[in-house]
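Everything on this sheet refers to the single structure shown next.
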Amino acid sequence: VRLLLLFKGKQSSAARVVALQMASSAPLKWGSLVVALAGVAIPVMLSSKRRQHLKMGAVGLQNNGNLCFFNSLMQSLAGVQAFSSFLEGVSRELEQNPAGASFSGELHRLLGRLQVSVQDTLEPWPLIRRMQRDMATRQLDFANQQDVEELWNLLMEIIDKEATALGTDEEHRMSLASAGAEDAKSNASSRAEDAHQNPFMGFLGDSLRCSKCEKCRPMRLSRFFHISLDIPPNEAAPSVEDCISSWLHYEPVDDVECLSCSAREMMQSLSEEESLLRRIIDENGHSPGLDSNLGHVLQSKDTLDRALATNDSRLVEELVGADSGFRLCRRTKYKQMLLVRSPDALCLHVNRRKFNASTGAFYKDQRRVELTPSLALQDVRFDPNVALPKLTAVYKLMSIIVHHGGPNSGHFTTFRKDFTDDSKWHHLSDETVRVVPFSEVAECRPYMLFYQKTAEQS
């Protein structure tokens with residue numbers, strides 16, 4: 001044996017690539033090759049003949065039904081190394097118990113084989129059958145064509161359930177979800193170095209600003225695993241950044257209760273009532289009833305002063321409510337989505353299925369979205385009232401799902417970067433795999449895009 005490669009633990013991706021290239025070209029009659037993908041060793045005994053047929057970079061998936069939606073998502077996820085590493089960590093702990101192989105582990109193994117395999121194509125049904133067993137809250141008919149975004153949501157639900165069983169993911173989510181704006185200052189800027197935290201998980205906040213008093217309600221946090229974007233109107237070929245900017249813009253919301261405006265109007269009403277009571281007392285003298293009314297007015301004003309000074313909505317709600325007899329003010333408010341914490345791997349969905357109100361039918365938005373190899377995304381795009389630290393996350397485009405066809409049917413394919421060569425791209429349509437230049441990738445109409453974070457800076 002001229003060359004024996006044995007990987008243990010986690011090796012650098014560059015080392016794996018060099019070793020795989022050496023193993024596939026070395027003049028061995030027999031060799032023992034351990035292919036290490038995302039830190040997991042997959043032993044493969046290779047003869048000279050089989051080594052010549054070793055598929056590296058991209059392997060096709062069989063489609064003996066209507067599985068292009070499933071195949072395209074698997075191929076896309078195979079290009080996101082951070083997700084494979086996450087699956088490895090979750091499955092390693094889960095599979096230590098007597099329950100056996102986890103869904104995360106089976107998915108991880110399939111994604112690894114989609115990068116390196118001695119087979120021309122792989123069979124997706126074993127993972128699909130396991131997925132059908134683990135469906136938590138809804139079913140998906142794999143015998144018919146489905147939307148890949150719906151499959152993505154179901155996949156994240158199953159994986160989240162397994163990660164939550166380990167405890168750490170749920171604890172971290174609850175700590176952030178329950179945080180107010182002040183607590184979020186530290187939580188949003190920190191990165192939990194947790195092997196069980198899904199790299200696609202990020203946190204969104206939303207602000208609601210009154211058009212008159214310009215006060216914002218306390219920030220509300222929610223987690224996300226992907227962001228759904230609309231293509232901005234009246235733009236022939238907007239960039240991904242344009243779509244994200246449009247999603248982050250303020251959106252008017254009419255007829256919304258504003259406690260701040262209500263408190264100010266109530267303060268004005270109480271001040272007028274106080275002046276009237278004092279004038280009556282000056283003219284007619286004190287009485288228990290007048291003194292009691294005046295004391296109640298002064299107490300309410302003092303409470304409102306404290307509520308307005310501290311922006312305490314609870315105190316305002318106690319005074320300006322149904323029992324107070326005071327009518328709540330309704331205003332136009334401006335809502336904005338805020339990226340509180342960017343994920344380590346980013347999934348974007350381009351919403352192309354639109355409804356035409358005049359015809360009563362759905363149509364597909366066929367406009368091109370301009371793609372670039374990298375994407376810069378800024379965390380915490382808050383208004384000046386919530387001054388949190390801003391971070392710029394730099395992402396590298398790893399894979400793209402494209403939908404071919406109309407609004408109700410069609411075919412899904414994938415463009416994926418070759419893990420052995422950062423400049424090489426593959427187009428995968430079920431069993432068919434071909435190498436394509438990035439110029440062809442840039443001309444596609446993306447339906448879902450997958451990125452991996454490469455850097456982050458203040």
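The values are calculated or read from the model by the stated rules, or taken from the named source; none is laboratory data. These numbers come from a predicted model, not from an experiment. Glycine gets a Cβ as well: all are built from the backbone with ideal geometry, and neighbour counts include every protein chain shown. Remember, those area values only see protein heavy atoms, side chains included, never the ligands or the DNA or RNA. Shrake-Rupley method; radii C 1.70, N 1.55, O 1.52, S 1.80 Å.
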Q. So how much slack lies between residue 326 and residue 239, counting 0.36 nm per residue of separation and subtracting their Cα-Cα distance, in nm?
A. 26.4 nm
Q. So what is the relative contact order for the range 260-324, in percent, with contacts set as C-alpha pairs under 8 Å and at least six apart?
A. 40 percent
Q) For labels at residue 129 and residue 353 in the simple 7 Å Cα→Cβ model, what's the distance in nm? A) 2.9 nm
Q: Return the FRET efficiency for the residue pair residue 230, residue 305: r is the Cβ-Cβ distance, R0 is 51 Å, and the value is rounded to the nearest 0.05.
A: 0.70
Q) So how do 344-350, 245-251, 358-364, 116-122 stack up, highest first, on mean other-Cβ count within 10 Å? A) 344-350, 116-122, 245-251, 358-364
Q: Please state the charge dipole magnitude for the range 260-324, taken about the Cα centre, from unit charges on C-beta atoms (+1 on K and R, -1 on D and E), reported in debye and rounded to the nearest 20.
A: 120 debye
Q. If each Cα of the range 260-324 is one equal point scatterer, what is log10 of I(q)/I(0) from the Debye formula at q = 0.16 Å⁻¹?
A. -0.54
Q: Taking the Cα centre of the range 55-164 as origin, sum charge times position over the Cβ atoms of Lys and Arg (+1) and Asp and Glu (-1), and report the length of that vector in debye to the nearest 20.
A: 280 debye
**Q.** Charge-dipole axis of the range 55-164 as Lys and Arg at +1 and Asp and Glu at -1 on Cβ define it, positive-most pick from 153, 90, 140
**A.** 90
Q.
Which order do the peptides 61-72, 81-92, 328-339 come out in when sorted by mean C-beta neighbours inside 10 angstrom, highest first?
A. 81-92, 61-72, 328-339
Q. Over 29 Å between Cα atoms, which of 212/301; 215/364; 333/453; 354/424; 354/453; 161/354 qualify?
A. 215/364; 333/453; 354/424; 354/453; 161/354
Q: Treat each spin label as a single point 7 Å out from the Cα along the C-beta direction, and report the residue 438 to residue 454 distance in nm.
A: 0.8 nm
**Q.** Net lengthening on full extension, residue 335/residue 292 (0.36 nm per residue, minus Cα-Cα)
**A.** 11.2 nm
Q | Accessible-area composition of the range 260-324, carbon plus sulfur, in percent [1.4 Å probe] | A | 46 percent
(Q) In Å², and per residue, what accessible area does the range 260-324 have when probed at 1.4 Å with the other protein chains present? (A) 62 Å²
